[in-house]
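Novice: Here's a structure for you.
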Amino acid sequence: DDPLKSVYISNIINWRPPGNRTPAPAEIEVSLPFIERHIQLVQPELIILCGGVSAKALLGSGDSISRLRKKWHGYTPQNAELAKDAKPIPAIATYHPAYLLRTPAQKRAVWQDMLILNDKRKELNLLS
C-alpha cells in the first residue's frame with residue numbers, strides 16, 4: 001500500500017477492437033476523456049506510454065513511437081476543463097509489449113527507455 005510503489009495500468013479504450021485491430025480515431029476520441037479523467041484521479045508522478053496508440057493519443061502527437069521515445073514529454077489533458085488546473089506530468093513513450101513479442105530485437109531499446117525512467121525516478125526521489 002506504499003504509494004511510492006503503486007502502479008496503475010490502463011488502456012486508451014476499455015474494449016478490444018474486433019480482430020485485435022488498432023483502435024480507430026473515433027474510438028480513441030470517445031475514450032480519451034475517460035482515460036484523462038482516470039489520470040486526473042490517480043495523480044501519477046510519472047506516466048509510461050506503451051505503444052504508439054497511447055503515446056499519440058495522450059500526447060496529442062502525430063509523431064511515430066520511434067520519434068516519441070527516448071525523451072520526456074509533459075503530459076497535460078487535451079480536455080480543456082481537465083487541463084485548466086493541471087500541471088504537466090512527466091511521460092515517457094516506449095514500445096508496446098505486444099510489439100516486443102513480435103520484434104524481440106527492440107527489447108534493447110525498451111531497456112534504454114527504462115534506464116531513462118529510472119533516472120527520472122531518482123531525480124524525483126521515487127525510488128524505495
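The values are calculated or read from the model by the stated rules, or taken from the named source; none is laboratory data. The structure displayed is predicted, hence computed values, not measured ones. A quick note on method: Cβ atoms are made from the backbone with ideal geometry, for glycine too, and the neighbour counts reach across all protein chains shown. What goes into the accessible areas is simple: the full protein's heavy atoms, side chains included, and nothing from ligands, DNA or RNA. Shrake-Rupley method; radii C 1.70, N 1.55, O 1.52, S 1.80 Å.
Novice: Enumerate the pairs (first residue in the range 86-104 and free of Cβ contacts under 8 Å to residues at least 24 places away in the same chain and on the phi < 0 side of the Ramachandran plot; second residue anywhere and part of a helix (DSSP H, G or I) and open to solvent by 40 Å² or more (accessible area, probe 1.4 Å)) with beta-carbon separation below 7 Å, excluding pairs fewer than 6 apart on the same chain, so at least 6 apart or on different chains.
Specialist: Once the first residue is free of Cβ contacts under 8 Å to residues at least 24 places away in the same chain and on the phi < 0 side of the Ramachandran plot and sits in the range 86-104, its partners that are part of a helix (DSSP H, G or I) and open to solvent by 40 Å² or more (accessible area, probe 1.4 Å) give 100/106; 100/107.
Novice: Farther than 24 Å from residue 112 by Cα, open to solvent by 30 Å² or more (accessible area, probe 1.4 Å) and either hydroxyl-bearing (Ser, Thr, Tyr) or without any contact (Cβ under 8 Å) to a residue 60 or more places away in the chain (or both): does that describe residue 36?
Specialist: Criteria not met by residue 36.
Novice: For the range 84-128, which positions are farther than 19 Å from residue 7 by Cβ and within 17 Å of the chain's Cα centre (by Cα)?
Specialist: Result: 86, 87, 88, 99, 109, 112.
Novice: Residues being among the small types (Gly, Ala, Ser), under 15 Å from residue 71 (Cα atoms) and assigned to a helix (DSSP H, G or I): count how many of those fall in the range 87-115.
Specialist: 1
Novice: Of everything in the range 39-85 that's part of a helix (DSSP H, G or I) and free of Cβ contacts under 8 Å to residues at least 24 places away in the same chain, which residue is least open to solvent (accessible area, probe 1.4 Å)?
Specialist: 83
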